[in-house]
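Have a look at the structure below before the remarks.
The values are calculated or read from the model by the stated rules, or taken from the named source; none is laboratory data. Keep in mind the model is a prediction, meaning the values are calculated, not measured. Cβ coordinates were reconstructed from backbone atoms using ideal geometry, including for glycine residues, and neighbour counts include every protein chain displayed. The accessibility values were calculated without ligands, DNA or RNA, using every heavy atom of the protein model including side chains. Shrake-Rupley method; radii C 1.70, N 1.55, O 1.52, S 1.80 Å.
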Amino acid sequence: MRLISICPSNTELVHFLGITSQLVGVDDFSDWPAEIEKLTRLGPDLSIDMDKLQSLEPDLVLASLSVPGMEKNVEELKRRNIPHVVYNPQSLTDIQNDLLDLGQRTNKMLPARHMVDWMIKEIRSYEKISRSIKNRRKVYFEWWPKPVFTPGKVNWLTEIAYLAGGQNLFEDVELASVQTTWDDVVNRKPDMIGMVWVGVKTDKMQPSHIKKRDGWEVLESYQTEIVKLEENLFCRPSPRLIFGLKRLAALIHPNDFPPFLPKEEETYIKKLQAIR
């Protein structure tokens with residue numbers, strides 16, 4: 001089957017099903033796994049070269065409305081009658097359902113069920129520990145600095161925060177993505193700021209960017225901690241969020257949860273795929 005993914009999260013879904021070899025093209029921002037490096041690139045996820053995509057004669061194109069603005073690509077896929085599926089995950093359960101749907105479309109239901117079972121097992125394991133946490137730390141996830149964007153209640157990071165023994169600072173806002181102000185963040189007094197700027201590599205984000213802002217001295221007096229989080233483990237709706245969960249839990253409650261480093265992810269996944 002000839003597959004094309006036009007956003008990173010769907011490229012990752014394909015890999016978790018063990019069918020990366022069926023990909024014939026991906027968007028420019030897909031950067032994992034390493035096996036996709038030599039694939040045909042079709043442009044940024046919001047400016048896909050549809051002529052180039054169509055020339056690859058895909059059996060199925062994977063799009064996702066989790067990328068704001070993806071609607072333009074979807075309309076063009078419809079106009080050209082190119083076979084496609086559009087996912088719109090907002091929660092960990094949605095991601096599991098997308099895995100099962102893709103497994104059915106690609107005749108890979110066995111690995112899909114295996115991966116979903118693994119996700120459920122991990123979630124239950126962390127939920128059990130999370131329920132025993134008395135001191136939940138309020139986490140402000142900064143998706144973008146100016147204007148300030150952060151996940152609201154209708155987002156997987158609210159679930160991830162809870163499972164990690166924390167609380168999303170903006171879980172009271174019934175939105176997937178919240179545009180707010182830095183003053184609002186300061187007034188909510190987060191215990192931790194997770195820098196996770198979408199599309200920005202971790203080494204390009206520096207805590208000094210936040211410490212220069214008006215009001216930082218207030219948060220400093222509350223001993224607010226700043227940590228840099230990996231965009232690819234927290235911002236993409238794929239099973240890799242489980243590794244983001246492991247990372248965050250080990251950061252905010254190291255005495256309650258097992259340690260986990262991003263560099264352990266590849267080894268972990270290989271072991272997981274080997275037992276399918």
Requested in this report: State whether one or more residues within segment 11-20 are touching a residue at least 24 places away in the same chain (Cβ under 8 Å) and open to solvent by 20 Å² or more (accessible area, probe 1.4 Å).
Outcome: yes
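Which fully enclosed helices (runs of 4 or more DSSP H) of segment 163-276 have 2 or more residues being over 30 Å from ALA34 (Cα atoms)?
On the way: elements: 182-188, 208-211, 216-221, 231-234, 241-252, 265-274.
The qualifying helices (runs of 4 or more DSSP H) are 182-188, 208-211, 216-221.
In this structure, is PRO190 modelled with pLDDT of 95 or more, closer than 28 Å to GLU122 by Cβ, more than 21 Å from the chain's Cα centre (by Cα) and surrounded by 20 or more Cβ atoms within 10 Å (Cβ to Cβ)? Spell out the reasoning first.
Working: modelled with pLDDT of 95 or more: yes; closer than 28 Å to GLU122 by Cβ: yes; more than 21 Å from the chain's Cα centre (by Cα): yes; surrounded by 20 or more Cβ atoms within 10 Å (Cβ to Cβ): yes.
In short, yes.
Taking the condition charged (D, E, K, R) and out of contact with any strand residue (DSSP E or B) (no Cβ under 8 Å at 6 or more places or on another chain), does ASP59 pass?
No; evaluated as a whole, the condition is false for this residue.
Taking the condition within 24 Å of GLY152 (Cα to Cα), assigned to a helix (DSSP H, G or I) and in contact with a Gly (Cβ under 8 Å, 6 or more places away or on another chain), does ILE95 pass? Before the answer, list the steps.
Details: within 24 Å of GLY152 (Cα to Cα): yes; assigned to a helix (DSSP H, G or I): yes; in contact with a Gly (Cβ under 8 Å, 6 or more places away or on another chain): no.
No: the conditions fail for ILE95.
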Query raised in the report: Can VAL67 be described as modelled with pLDDT under 95 and within 15 Å of THR11 (Cβ to Cβ)?
Result: yes
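Checking the structure you have, find out if any residue of segment 112-125 is in a loop (DSSP other than H, G, I, E, B) and either among the hydrophobic types (A, V, I, L, M, F, W, C) or in contact with a helix residue (DSSP H, G or I) (Cβ under 9 Å, 6 or more places away or on another chain) (or both).
Within segment 112-125, none of the residues are in a loop (DSSP other than H, G, I, E, B) and either among the hydrophobic types (A, V, I, L, M, F, W, C) or in contact with a helix residue (DSSP H, G or I) (Cβ under 9 Å, 6 or more places away or on another chain) (or both).
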**Report entry** Residue among LYS134, LYS138, LYS153 that alone is free of Cβ contacts under 8 Å to residues at least 12 places away in the same chain and of a type in the set (D, E, K, R)
**Finding:** LYS134
**Report entry** Single residue of segment 222-248 satisfying the filter (touching a Gly at 6+ places or on another chain (Cβ under 6 Å) and touching a residue at least 60 places away in the same chain (Cβ under 8 Å)) that is nearest to SER64 (Cα to Cα)
**Finding:** PHE234
Report task. Quickly run through segment 227-255 and pick out the residues that are open to solvent by 30 Å² or more (accessible area, probe 1.4 Å) and touching a strand residue (DSSP E or B) at 6+ places or on another chain (Cβ under 8 Å). Result -> LYS228, LEU251
Report task. Specify which of the listed residues (VAL148, VAL173, VAL185, VAL196) is within 24 Å of SER66 (Cβ to Cβ), surrounded by 21 or more Cβ atoms within 10 Å (Cβ to Cβ) and more than 14 Å from the chain's Cα centre (by Cα). Result -> VAL185
Report task. List every residue pair whose Cβ atoms lie under 7 Å apart, where the two residues are 6 or more positions apart in sequence or sit on different chains, the first residue falls within segment 106-124 and is touching a residue at least 40 places away in the same chain (Cβ under 8 Å) and under 11 Å from PHE16 (Cα atoms), and the second residue, located anywhere, is among the aromatic types (Phe, Trp, Tyr) and in a helix (DSSP H, G or I). Result -> MET115/PHE16
Report task. Kindly indicate whether ASN107 is crowded, with 22+ Cβ neighbours inside 10 Å, modelled with pLDDT of 95 or more and over 21 Å from ASP256 (Cβ atoms). Result -> no
Requested in this report: Name every residue in segment 44-64 that is surrounded by fewer than 20 Cβ atoms within 10 Å (Cβ to Cβ) and farther than 30 Å from THR267 by Cα, in order of residue number.
Outcome: LEU46, SER47, ASP49, MET50, ASP51, LYS52, GLN54, SER55, LEU56, GLU57, ASP59
